[in-house]
Amino acid sequence: MDAVLLSRVQMAFTLSFHILFPTLTIGLAVFLAILESLWLKTGDDFYRRHYHFWVKLFALTFGVGVVSGVVLSYEFGTNFGRFSAIAGSVVGPLMSYEVLTAFFMEAGFLGIMLFGWNRVGRKLHYTATLLVAAGTVTSAFWILSANSWMQTPVGAELRDGVFYPLDWWQIVFNPSFPYRLAHMLLAALLSSSVFVAGVSAFLWSKGPEPRFGRFSFRFAIAAAAILAPLQILAGDQQGLIAERYQPIKVAAIEGHWQTGGHAPLVLFGWPDVETRSNKYAVELPEAGSLIIKHSRDGVVVGLDAVDPKDWPSVPVVFWAFRIMVGLGFLMLAYAWLGAWYAKRHKDDMPRWFLSAAVWMVPAGFIATVAGWWVAETGRQPWVVYGILRTADVATDVPAAQVLWSLLTFIAAYIVVMAAYLYYMLKVIRGGPAAAKPPEPATGKAPPARPAFGGVEDK
């Protein structure tokens, strides 16, 4: 057994597990802010009841996300201890900014958001909801900045085996950062929209309050219909940046083994590393050059441009990309069909379409994980692309110890996921009737907890 490979598998497993929860909390936080703004604007208690149903799912997801994220920081010290010594002067401050800004903002106002309805005024509570939503986006900002720097490192110099920051503006806003941030935020919003649509479809078809599910379903479908094409556009732009700075990653994505013009677009096939060819390939002639270079005879860099020891795992990157893209277009088709149905049928929706929405719930999350695999596996064998290899930062520990910790994590995460899904389904099956919102503070009565103070609405 290879200790480095096991460490990479463990990091991939824990990251794939963790990314599910921030993806959903970002989208739900924005949805909650919209619901509360609608309540404040219209005074319709319908929106406040919506808020109290969805905030339970948000709080549950936020808690598991925090717990699963803590493990990742420890893995840098246990499995990849040398990384902190070599690149800590660059990545460390970025992660510290994430804690100082995003996490403190979320943690500071989450309590008001969850328990402050009858303790603080409406405006203060709405501010808390907005700040928690802003905190989730800010967290993504710093994490994507650090990760993007590892993909496209600029603004720092490797001297005597240690990275020294030279220009923080270049480090934070490195070449791939804006595209990766946009792609991730859109992934979170789209995945959350599909999640809200699926849960709402269940409430609409099964629940005693069809209006409740009908509103959030139509809202989520409308959001997904707008977000899905934007996400495809953002993905295309990120691909162009990757082709400029990480051409071998794109070669693995596309299954291009030889450098040359008139490159085909490989729709499907099996990349065979031994023969350096795609078995059973289904191709569109010249479409690869057309998409990547916007020219039929554009020269596309192939895997033969570098030594095979610098290749990522081609089959993993190749298929993860196709899963991500396939699910992206599936969500686009469903959302646009749903928007068409919603326009034709104001108060009704085909039952099969509502059932399909429930089955569509995992689509966004699987696509997000697949996209993360494309980005991270495609970066290998580099931890800082083109400069520092993953094998050079791995901690020298026996493979058996890494295997034991990996199996422990798998067992623990299965238990955590089972408990999360149990309580998630319990809340969903309970429906809005089980989510009894407390009365909002009016400012006429003394606050239940003087520490928060009373805020009078005007």
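Computed values, structure above
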read-out	value
Protein accessible area in region 227-332, 1.4 Å probe - carbon and sulfur %	63
For F268, distant residues with modelled amide H under 5 Å away	V282
Greater than 25 Å apart at Cα, pairs in K206/K426; K123/K343; K249/K293; K56/K123; K56/K343; K343/K426	K123/K343; K56/K343; K343/K426
Karplus-derived 3J(HN,Hα), 6.51/-1.76/1.60, for each residue of region 63-70, Hz, glycine and proline x	x, 5, x, 5, 4, 6, x, 4
Dipole magnitude of the chain about its Cα centre (Cβ charges: Lys, Arg +1; Asp, Glu -1), debye to nearest 20	1880
Positive dipole terminus of the chain, leading residue within G121, G288, L403 (C-beta point charges)	G121
Charge dipole (the chain, unit charges on Cβ, about Cα centre) - positive-most of A59, W373, W257	A59
Calculated Rg and Dmax of the Cα atoms in Å (choose from (1) 21.3, 74; (2) 23.0, 89; (3) 23.8, 78), label	(3)
For the chain, calculated [θ]222 nm from helices alone, where every DSSP H run of n ≥ 4 adds -39500 (n - 2.57)	-24500 deg cm²/dmol
Packing-based order for 175-185, 354-364, using average beta carbon neighbours within 10 Å, highest first	175-185, 354-364
Between 0 and 90°, nearest 10: helix 122-151 axis offset from the chain longest Cα axis	0
Built amide H within the under 5 Å cut-off of G260, gap 5+	V300, G302
In region 286-366, the trypsin sites (Lys or Arg not before Pro) that fall in loop regions by DSSP, at most 10 other Cβ within 10 Å	K346
Surface per residue (accessible, 1.4 Å probe) for the chain, Å²	47
Fraction of accessible area attributable to carbon and sulfur, region 360-420 (%, probe 1.4 Å)	78
Computed accessible area, I323, all protein chains, 1.4 angstrom probe, square angstrom	80
Between region 154-220 and region 80-123, the alpha-carbon center distance in angstrom	17
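The values are calculated or read from the model by the stated rules, or taken from the named source; none is laboratory data. Predicted model, so just to flag it, every value in this text is computed and none were measured. Every residue, glycine as well, gets a Cβ built from its backbone with ideal geometry; the counts of neighbours run over all protein chains shown. Just the protein is used for accessible areas: all its heavy atoms, side chains included, with ligands, DNA and RNA removed. Shrake-Rupley method; radii C 1.70, N 1.55, O 1.52, S 1.80 Å.
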